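A.B. asks: I have a structure here, written as structure tokens, and I will follow up with some questions on it.
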Amino acid sequence: MAKVTPTGATEVFDRSDLIPYDPAQGPRELGNVWVAFNETRRLVCTLFTHGLGWELRLMVMGGMFIRREVCTTQTQVFEMADQWKQDAVARGWRQR
């Protein structure tokens, strides 16, 4: 599972922790796949369980959704997340 820092922020998701959807628990946040920054904002790609597989959500901190995508395979999850990260870097976002 993704770990929570002392400040309450979720650390970047460990790719070995990809767990499936559990109908008894419903959708569940697994953690951040990656985080990028620009001068004043933070861009976060977060992974959730989903009834059809997993859902990636790309948000600018403050709650504004940029993208969301439901993925049905683990490969698709990480290919999509990596593509989004490449797109963000091309637009001037950076990782620390």
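Readers should treat all values here as calculations from the given coordinates under stated rules, not as data from a laboratory. These numbers were taken from a predicted model, which means no experiment stands behind them. Don't worry about glycine lacking a Cβ; one is built from the backbone with ideal geometry, like all the others, and counts go over all protein chains shown.
A.B. asks: Within the P(r) computed for region 25-96, what percentage of the Cα pairs occupies the region above 13 Å?
C.D. replies: So the pairs more than 13 Å apart make up 63 percent of the total in region 25-96.
A.B. asks: Using the basic label-point model (7 angstrom from Cα toward the beta carbon), what is the GLN86 to GLN74 distance in nanometres?
C.D. replies: 2.2 nm
A.B. asks: Kindly write out, for region 87-96 in residue order, the coupling ³J(HN,Hα) from the Karplus curve 6.51 cos²θ - 1.76 cosθ + 1.60 (θ = phi - 60°), rounded to whole Hz, with x marking Gly and Pro.
C.D. replies: The phi angles translate into 4, 5, 4, 5, 9, x, 6, 9, 9, 9 Hz.
A.B. asks: If amide H atoms are built 1.01 Å from N in the plane of the peptide, which residues on other chains or at least 5 residues away come under 5 Å of the amide H of ARG28?
C.D. replies: Amide H to amide H, under 5 Å and 5 or more residues apart or across chains, ARG28 pairs with THR49.
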